[in-house]
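Report on the following structure.
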Amino acid sequence: MTPTLSAVPDATGHFGDYGGVFVPETLVFALEQLQAEYDRANADPQFHAEFEYYLKEFVGRPSRLYLARRLTEALGGAKIYLKREDLNHTGAHKINNTIGQALLCKRMGKQRIIAETGAGQHGVASATAAAVFGLRCDVFMGAEDVRRQNLNVFRMRLMGARVIEVASGSKTLKDATNEAMRDWMGSVEHTHYIIGSVVGPHPFPMIVRDFQSFIGRETREQCLAIEGKLPDVVVACVGGGSNAAGMFYPFVDDAGVKLIGVEAGGRALELGHHAAALTAGRPGVLHGSLSYVLQDDDGQTADVHSCSAGLDYPGVGPEHAFWKDSGRVEYVNCSDAEALEAFKQLAQLEGILPALETAHAFAHIAKIAGQMSRDQMIVVNLSGRGDKDCQEVARLLS
Amino acid sequence: MSSRLADSIAAARKSRKLAFLPFLAGGYPDVPTFVETLKAIAPVADAVEIGFPFSDPIADGPTIQAAFADTLSRGIKVKDIFTAVAEARKQVKTPLIAMVSYSIVFRYPLSKFLEGAKACGFDAILIPDLPPPEAQAVCQTINSTGLDTVLLVAPTTSPARRRQIADLSTGFVYYLSVTGITGERETLPPELADGVKMMKSLTQVPVCVGFGISKPPHMQQVAAIADGAIVGSAIIKRMQQHAGESPAAIASAVATYCQEMTSVK
């Protein structure tokens with residue numbers, strides 16, 4: 001029997017050729033501890049009950065699946081449904097993962113969490129979970145992102161988190177991740193590192209995917225209830241890839257559902273001007289796992305660029321690399337300009353400001369919906385709301 | 001199996017002396033100074049660890065990070081480090097250890113990296129972000145090229161893993177003095193002695209201690225428990241203090257510091 005695509009990772013964290021554990025030995029202890037706790041939690045109905053209680057009563061799940069009527073009409077093809085993760089408490093899908101990991105943190109008896117953040121959504125979601133469960137929280141954020149996502153910095157501080165500005169390297173998400181890992185090197189015994197995406201060493205890519213899979217499971221049920229069938233196409237933006245992994249994973253064994261991940265094409269598809277690791281990168285090791293990365297020929301991490309702070313990352317989750325090589329998911333990219341256009345279009349046609357990350361998914365929808373028939377159906381993961389981006393969008397449009 | 005690295009540490013052990021392993025950042029502060037310094041410290045060193053600059057070194061503190069970033073910003077590539085080491089090798093007989101991120105080795109790729117490392121005169125490879133089980137196959141390849149392997153053990157490493165790591169380490173086991181990143185510290189943690197003792201009870205492979213060692217009293221403390229001491233950030237700090245001086249002046253300042261560290265009885 002051929003194993004199904006969903007039967008990954010293996011016991012040592014491999015998604016086909018990708019994934020694994022590539023970190024200093026110091027961290028292995030914490031990764032093994034996390035794996036053991038996750039196994040115990042998974043087998044414990046009380047953990048699931050508590051997790052689902054918070055997702056329902058605090059986050060507001062299930063999130064809605066909403067027909068974008070005017071966008072559908074404007075593009076003149078397939079029906080477009082929006083999975084409204086932007087309506088979650090704190091405004092993005094990130095909260096699903098931080099609630100789950102904060103519960104694991106409590107079970108491990110650790111009192112402090114650390115997190116990296118790019119757009120600030122994961123930082124806000126971590127600060128929120130820390131407030132809910134009474135944990136200390138330090139968030140590492142690149143200085144460049146502190147500038148362009150100031151509102152989120154303020155929100156984190158209001159909730160009692162310490163925001164640590166990272167001035168090394170490119171001063172963005174990659175450097176924030178380095179600093180979080182360095183902190184963890186010295187604090188593993190009492191601190192849990194809540195990685196915000198499906199990246200990093202095993203078991204993080206698996207745990208984050210599992211905690212985000214509510215998105216895809218709900219979408220499946222909602223499609224069947226509303227349209228009586230599964231969607232023809234599912235689209236999500238991909239930076240590290242957590243919203244896409246959570247949306248795609250429950251569909252990967254449904255061969256009839258086309259899955260499309262949209263990366264940040266930035267200014268141009270030239271190394272240093274984009275953040276499209278899957279569509280323009282090569283296999284390599286970054287932040288603890290083997291996946292597609294943007295590097296030079298010496299394995300040094302390349303500079304990346306995206307108008308969206310959340311996509312401005314030179315790597316991507318190893319499961320996406322596996323899905324790419326297996327041909328199960330199609331990966332494409334959209335430019336900064338296309339994403340900005342899509343941002344404005346969704347605002348004007350649907351009364352929704354999407355996150356700039358999410359706007360990349362809409363930019364691709366604009367290219368494909370018109371070529372599909374009216375009885376077909378597209379679901380877009382509306383992974384986050386765009387209030388945080390208003391200042392940056394104003395700057396870019398001026 | 002006998003090798004230049006194993007022999008050198010065994011010789012130090014035999015003369016009841018703590019092996020001294022200074023660390024240099026490859027190509028830092030510039031290639032000529034790096035080569036001069038390597039030549040100047042080799043006579044007092046039992047082995048020299050040479051770090052390949054990496055853009056995202058997560059086990060390194062601010063001192064080594066800054067040295068790596070500076071070197072990369074000057075356009076120094078892996079092949080330039082190989083060339084510089086080959087140049088120093090004409091004179092240096094001391095065993096040399098390449099400390100290099102798996103990100104670099106994977107992309108280079110491994111076979112080509114090992115070929116280059118061996119050709120320019122390295123004796124061993126230390127990949128700090130490659131623990132077992134991922135290390136297993138890579139270590140075999142390294143050993144089959146005739147190079148030694150050095151792996152890290154952390155204070156948090158379980159006894160079962162310590163054994164596994166010792167089995168993969170043909171050069172020595174690099175015991176991390178602290179749960180944390182590289183950088184100078186005032187004192188070494190009190191639990192270090194028990195940790196090293198436990199490590200030594202599990203293996204015959206030499207155990208060298210690194211991270212945070214910067215002062216002669218640290219050397220004394222480590223001499224009582226381990227086979228060798230690795231000193232990194234403190235050396236880079238010396239180089240920074242003498243920034244702008246001639247290669248010979250910087251090399252001599254570092255050599256003086258190394259003599260102070262090794263004159264401890």
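At a glance:
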{"quantity": "Test for B:Q164: is it modelled with pLDDT of 95 or more and either within 14 Å of chain A (Cβ to nearest Cβ) or under 15 Å from B:A98 (Cβ atoms) (or both)", "calculated": "yes"}
{"quantity": "Exclusive hit being under 27 Å from B:S2 (Cβ atoms) and more than 14 Å from every other protein chain (Cβ to nearest Cβ), set B:T145, B:T149", "calculated": "B:T145"}
{"quantity": "Those residues of the stretch A:24-68 which are touching a Ser or Thr at 6+ places or on another chain (Cβ under 7 Å) and either of a type in the set (S, T, Y) or touching a residue at least 24 places away in the same chain (Cβ under 8 Å) (or both), in sequence order", "calculated": "A:T26, A:F29, A:L65"}
{"quantity": "Subset of the stretch B:117-147 (residues that are part of a helix (DSSP H, G or I) and open to solvent by less than 20 Å² (accessible area, probe 1.4 Å))", "calculated": "B:A117, B:C120, B:A135, B:V138, B:C139, B:I142"}
{"quantity": "Total residues in the stretch B:167-200, condition touching a strand residue (DSSP E or B) at 6+ places or on another chain (Cβ under 7 Å), assigned to a loop (DSSP other than H, G, I, E, B) and within 14 Å of another protein chain (Cβ to nearest Cβ)", "calculated": "2"}
{"quantity": "Candidates B:T71, B:T83, filtered to the one that is crowded, with 24+ Cβ neighbours inside 10 Å and of a type in the set (S, T, N, Q)", "calculated": "B:T71"}
{"quantity": "Test for A:T358: is it open to solvent by 10 Å² or more (accessible area, probe 1.4 Å) and in contact with a Lys or Arg (Cβ under 9 Å, 6 or more places away or on another chain)", "calculated": "no"}
{"quantity": "Strands (runs of 3 or more DSSP E) enclosed by the stretch A:245-310 - at least 2 residues per element that are within 14 Å of chain B (Cβ to nearest Cβ) and either basic (K, R) or within 20 Å of the chain's Cα centre (by Cα) (or both)", "calculated": "A:282-286, A:289-293"}
{"quantity": "Of residues in the stretch A:161-216 being farther than 15 Å from A:S126 by Cα and β-branched (V, I, T), the one farthest from the other protein chains (Cβ to nearest Cβ)", "calculated": "A:I215"}
{"quantity": "Condition met for A:V262 (surrounded by fewer than 24 Cβ atoms within 10 Å (Cβ to Cβ), within 30 Å of A:A78 (Cα to Cα) and touching a residue at least 60 places away in the same chain (Cβ under 8 Å))", "calculated": "no"}
{"quantity": "The stretch A:222-245, residues that are crowded, with 24+ Cβ neighbours inside 10 Å and touching a strand residue (DSSP E or B) at 6+ places or on another chain (Cβ under 8 Å)", "calculated": "A:P231, A:V234, A:V235, A:A236, A:C237, A:V238, A:G239, A:G240, A:G241, A:N243, A:A244"}
{"quantity": "Exclusive hit being surrounded by fewer than 21 Cβ atoms within 10 Å (Cβ to Cβ) and either at pLDDT 95 or above or touching a helix residue (DSSP H, G or I) at 6+ places or on another chain (Cβ under 6 Å) (or both), set B:S233, B:S158, B:S169", "calculated": "B:S158"}
{"quantity": "Qualifying residue in the stretch B:101-110 (condition: open to solvent by less than 10 Å² (accessible area, probe 1.4 Å) and more than 8 Å from every other protein chain (Cβ to nearest Cβ))", "calculated": "no"}
{"quantity": "Number of positions in the stretch B:15-42 that are more than 14 Å from chain A (Cβ to nearest Cβ) and either small (G, A, S) or closer than 21 Å to B:H218 by Cα (or both)", "calculated": "14"}
{"quantity": "B:E186 vs. criteria out of contact with any Asp or Glu (no Cβ under 7 Å at 6 or more places or on another chain), more than 21 Å from B:M261 (Cα to Cα), of a type in the set (D, E) and free of Cβ contacts under 8 Å to residues at least 40 places away in the same chain", "calculated": "no"}
{"quantity": "Matching helices (runs of 4 or more DSSP H) fully within the stretch A:94-189 where at least 3 residues are buried (at least 24 other Cβ atoms within 10 Å of the Cβ)", "calculated": "A:94-107, A:121-133, A:173-187"}
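The values are calculated or read from the model by the stated rules, or taken from the named source; none is laboratory data. Because the structure is predicted, anything quoted here is derived from the model rather than measured. Every residue, glycine among them, receives a Cβ derived from its backbone with ideal geometry; neighbour counts consider all protein chains shown. Ligands, DNA and RNA are stripped out before the accessible areas are found, and what is left, the full protein with its side chains, is counted by its heavy atoms. Shrake-Rupley method; radii C 1.70, N 1.55, O 1.52, S 1.80 Å.
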